[in-house]
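> One structure follows; several queries about it will come next.
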Amino acid sequence: MTTISATSLDLTFQTADGPVHALRGIDLTVEAGEFVSFIGPSGCGKTTFLRCVAALETPTAGELQVQGMTPDEARRARAYGYVFQAAGLYPWRTIGRNVTLPLEIMGYPKAERRERMERVLDLVELSGFANKYPWQLSGGMQQRASIARALSFDAGILLMDEPFGALDEIVRDRLNEELLALWARTGKTCLFVTHSIPEAVYLSTKIVVMSPRPGRIADVIDSPLPRERPLDIRDTPEFLAVAHRVREGLREGMEAA
Amino acid sequence: MTDHPISAPGAGIGRSLRVGLLVRRMMGTAGPVLAVVAGLLAIWYLAAIPMNAAQSVTDAERAGAAFDVSAAERRDMGGLSLVALAPGTALAGAYGQERPRLPAPHQVAGEMWASTFALGADCGPAERERDRLELFGRTWAVHEDCLAPVTSRRSLILHAGLTLAPTLLGFAIGSLLGVALAVGIVHSRVMDLSVMPWAIASQTIPILAIAPMIIVVMNSVGIQGLLPKAIISAYLSFFPVVVGMAKGLRAPSAADLDLMRTWGASGARILWHLRLPASAPYLFASLKIGVAAALVGAIVAELPTGAVRGLGARLLAGSYYGQTIQIWSALFAAAIAAALLVAAIGGIERGVLGRMGLRR
């Protein structure tokens, strides 16, 4: 089943210095249950594309469908959970009440809010931290809480914009492993923006390599790696071959720009 | 799970040690603070000698002392020249005058003590009652000087209480108005462009100029007493709240607001769950300025109303009759009242932000 389909999508920002082509001719299909990474240098439009899917930006041309709806309809149908680079937890709410905030806004009854909060905190291995304040948690734990919050209302799609970008490599490795396990358990469709080639190759079933000015797709790689991926898969020739192809795609994109 | 929660600062320290640290920190600042206060008092005492020299010399002359320079010539001499002329007389007479040009600190302190705590409580029954007044929803009897301390007509606590009532009412009105305007400004571009310039313009008009108008206009529609004074207080106190709250309500980042949008949150939800909590630290900073401004407004409001009681009335009466000691003690009473009000807001701030988990 197709979850997201973009057909010759364009987005041009009108700025004081003239138009900026953030996206140009994006064609992409994402099937349900896929893990798709978007990789490319700054300004290649990967975040912009994610924001278009979330209906936070409106494309200027082309067609974009999310679960068969327009992005705005999908947003109102609560089709996706969004995880930003900054955890964005409210410092005046405990972790538990941060996780229940979207549920409160969406009008879930109190008992169900509590039950869901416990379930998703368990999913990200933060059970027992519901009554802590965000500043009492490390950066990695805060980001896990932010993922729990995005999972709390059972959206089919998880949009993640460099969620681990501000974390150190060691924490990042572990969170990548946990994210894969989470994805396997929940069967969500994941769209994941990253700067890191190993991260993209390790996580994804499909890697979208993008290039800047104008933001466009340079290459789409279907990963040959199995779904079951221990961390040391990163030393296998198959992994290195995919990483090599991503690197080539990035280089060609930069040269063409 | 290998990462652990960072423990709260001071969590591992025992209570007694924390108290000890607090005491040590206060000891560290007490020395410099006392030195500054002592310096100011020394300047004050020194200044009183030339300031009061003319009266000192006149008093001494009346008492029989003779001076080389005639009274007519002395009138044109500065204080320092008079001190040079008769240093002993100037020093002896500097601190004991009834209506000094500059009362000495101990005279002001003595008057404050006398009109706050030491009003003789031992005399007279209720027939010495001079008047009754309404304050804080109760009727109080006002007594001659010698009666119960708080209700004596000289009592600074009585006067401060009379000024505090419109201060608090005006502060409440001003703060609510300020928050309401800030909410409007943040949500409506039209209000942002139209209200803010007027709010700023309103504060450029001297309050002394506009206070009588407010009294007159409100009197003509039949409103008297507490409310007009409270309106003048509110006029001064709403402004810092508008400015601070407009800033505070805009404190959430674009990412915070995007997150709310992804959940389909309405403007009211965003206000309640994001903007208002985020603005709390800004609100308290504004309230501290606002409450002090409200007190100034209430004092100024007493001047054109011809009020006979209240700190402002006390200042005015003091200046009519040249009672400088009374003026200074009323000024200090006002300053202490303002400090207490600001401290009270600070206490509420610590409590609220602590409960919100915003104070670490």
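> For the stretch A:149-257, give me every one of the helices (runs of 4 or more DSSP H) that falls completely inside it and has 2 or more residues that are of a type in the set (Lys, Arg), touching a residue at least 24 places away in the same chain (Cβ under 8 Å) and out of contact with any Cys (no Cβ under 7 Å at 6 or more places or on another chain).
The helices (runs of 4 or more DSSP H) meeting that bar are A:169-186, A:237-256.
> Continuing with the same structure: Just one of the numbered conditions (1) under 30 Å from A:Arg97 (Cβ atoms); (2) open to solvent by 40 Å² or more (accessible area, probe 1.4 Å) is not true of A:Leu191; which one?
Of the numbered conditions (1) under 30 Å from A:Arg97 (Cβ atoms); (2) open to solvent by 40 Å² or more (accessible area, probe 1.4 Å), the odd one out for A:Leu191 is (2).
> Looking only at the stretch B:152-191, count how many residues are of a type outside the set (A, V, I, L, M), in contact (Cβ under 8 Å) with a residue 24 or more places away in the chain, open to solvent by 40 Å² or more (accessible area, probe 1.4 Å) and in a helix (DSSP H, G or I).
Counting residues in the stretch B:152-191 that are of a type outside the set (A, V, I, L, M), in contact (Cβ under 8 Å) with a residue 24 or more places away in the chain, open to solvent by 40 Å² or more (accessible area, probe 1.4 Å) and in a helix (DSSP H, G or I) gives 1.
> Additional query: Output the residues belonging to the stretch A:1-44 that are outside any strand (DSSP E or B), open to solvent by 10 Å² or more (accessible area, probe 1.4 Å) and farther than 20 Å from A:Tyr202 by Cα.
Scanning the stretch A:1-44 gives A:Met1, A:Ala16, A:Asp17, A:Ser42, A:Gly43.
> Hey, does the stretch A:244-252 have a residue that's surrounded by 17 or more Cβ atoms within 10 Å (Cβ to Cβ), within 18 Å of the chain's Cα centre (by Cα) and among the small types (Gly, Ala, Ser)?
No - not one qualifying residue is present in the stretch A:244-252.
> May I ask you to list the residues in the stretch A:71-99 that are over 19 Å from the mean Cα position of the chain (by Cα) and either of a type in the set (Gly, Ala, Ser) or more than 8 Å from chain B (Cβ to nearest Cβ) (or both)?
Result: A:Glu73, A:Ile95, A:Gly96, A:Arg97, A:Asn98.
> Here is a further query. Can you find even one residue in the stretch B:310-321 that is part of a helix (DSSP H, G or I), within 14 Å of chain A (Cβ to nearest Cβ) and not charged (D, E, K, R)? Before you say what the answer is, go through the steps one by one.
Keep residues of the stretch B:310-321 that are part of a helix (DSSP H, G or I), which gives B:311-320.
Next cut, within 14 Å of chain A (Cβ to nearest Cβ) only: none.
Checking the stretch B:310-321: not a single residue is part of a helix (DSSP H, G or I), within 14 Å of chain A (Cβ to nearest Cβ) and not charged (D, E, K, R).
> In the stretch A:147-160, what residues are open to solvent by 20 Å² or more (accessible area, probe 1.4 Å) and at negative phi?
A:Gly156
> For the list (1) open to solvent by 80 Å² or more (accessible area, probe 1.4 Å); (2) in contact with a helix residue (DSSP H, G or I) (Cβ under 7 Å, 6 or more places away or on another chain), I need the number of the one condition that B:Ser237 fails.
(1)
> When you scan the stretch A:121-138, how many residues do you find that are part of a helix (DSSP H, G or I) and either at pLDDT 90 or above or facing chain B (nearest Cβ under 9 Å) (or both)?
So in the stretch A:121-138, the residues part of a helix (DSSP H, G or I) come out as A:121-123, A:134-136.
Right, trim to either at pLDDT 90 or above or facing chain B (nearest Cβ under 9 Å) (or both) and you get A:121, A:134-136.
Matching residues across the stretch A:121-138 total 4.
> Among the residues of the stretch B:269-296, how many are open to solvent by less than 30 Å² (accessible area, probe 1.4 Å) and of a type in the set (D, E, K, R)?
0
> Kindly list, by first and then second residue, each pair from a residue in the stretch B:337-360 that is more than 10 Å from every other protein chain (Cβ to nearest Cβ) to a residue that is open to solvent by 50 Å² or more (accessible area, probe 1.4 Å) and of a type in the set (Gly, Ala, Ser), limited to pairs with Cβ atoms under 6 Å and residues at least 6 apart or on different chains.
Matching pairs, first to second residue: none at all.
> Here's something else I'd like to know. Only residues that are open to solvent by 30 Å² or more (accessible area, probe 1.4 Å) and among the hydrophobic types (A, V, I, L, M, F, W, C): list them for the stretch A:205-232, please.
Correct list: A:Ile217, A:Ala218, A:Val220, A:Leu231.
> Still on this structure: Look through A:Asp154, A:Asp219 and report the one residue that is within 14 Å of chain B (Cβ to nearest Cβ) and of a type in the set (Asp, Glu).
Result: A:Asp154 is the single residue among A:Asp154, A:Asp219 that is within 14 Å of chain B (Cβ to nearest Cβ) and of a type in the set (Asp, Glu).
> Which residues, taken from the stretch A:100-114, are within 12 Å of chain B (Cβ to nearest Cβ) and not in a loop (DSSP other than H, G, I, E, B)?
A:Thr100, A:Leu101, A:Pro102, A:Leu103, A:Glu104, A:Ile105
> Hey, any hits in the stretch B:85-95 for a residue that's surrounded by 15 or more Cβ atoms within 10 Å (Cβ to Cβ), more than 25 Å from the chain's Cα centre (by Cα), without any contact (Cβ under 8 Å) to a residue 40 or more places away in the chain and assigned to a loop (DSSP other than H, G, I, E, B)?
Yes, there is a match, as at least one residue in the stretch B:85-95 is surrounded by 15 or more Cβ atoms within 10 Å (Cβ to Cβ), more than 25 Å from the chain's Cα centre (by Cα), without any contact (Cβ under 8 Å) to a residue 40 or more places away in the chain and assigned to a loop (DSSP other than H, G, I, E, B).
> Criterion first (more than 13 Å from B:Ile325 (Cβ to Cβ) and either at pLDDT 85 or above or open to solvent by less than 30 Å² (accessible area, probe 1.4 Å) (or both)) does B:Met51 satisfy it?
Against the criterion (more than 13 Å from B:Ile325 (Cβ to Cβ) and either at pLDDT 85 or above or open to solvent by less than 30 Å² (accessible area, probe 1.4 Å) (or both)), B:Met51 qualifies.
> Which residue is farthest from the other protein chains (Cβ to nearest Cβ), if the candidates are limited to the stretch B:225-272 and must be touching a residue at least 12 places away in the same chain (Cβ under 8 Å) and not in a helix (DSSP H, G or I)?
Per the stated criteria, the residue is B:Arg250.
> Is there a residue being touching a helix residue (DSSP H, G or I) at 6+ places or on another chain (Cβ under 8 Å), within 30 Å of B:Ser202 (Cβ to Cβ) and buried (at least 22 other Cβ atoms within 10 Å of the Cβ) anywhere in the stretch B:254-268?
No, the stretch B:254-268 has no match at all.
> Could you tell me how many of the residues in the stretch A:49-63 are surrounded by fewer than 20 Cβ atoms within 10 Å (Cβ to Cβ) and away from every other protein chain (no Cβ under 11 Å)?
5
> Out of all the residues in the stretch A:91-128, which are over 22 Å from B:Gly264 (Cα atoms), open to solvent by 30 Å² or more (accessible area, probe 1.4 Å) and touching a residue at least 24 places away in the same chain (Cβ under 8 Å)?
Result: A:Leu123, A:Glu125.
The values are calculated or read from the model by the stated rules, or taken from the named source; none is laboratory data. Values in this document were obtained by computation on a predicted structure and should not be read as measured data. Heads up, the Cβs are rebuilt from the backbone with ideal geometry, glycines too, and the neighbour counts pull from every protein chain shown. Heavy atoms of the whole protein, side chains included, go into the accessibility calculation; ligands, DNA and RNA do not. Shrake-Rupley method; radii C 1.70, N 1.55, O 1.52, S 1.80 Å.
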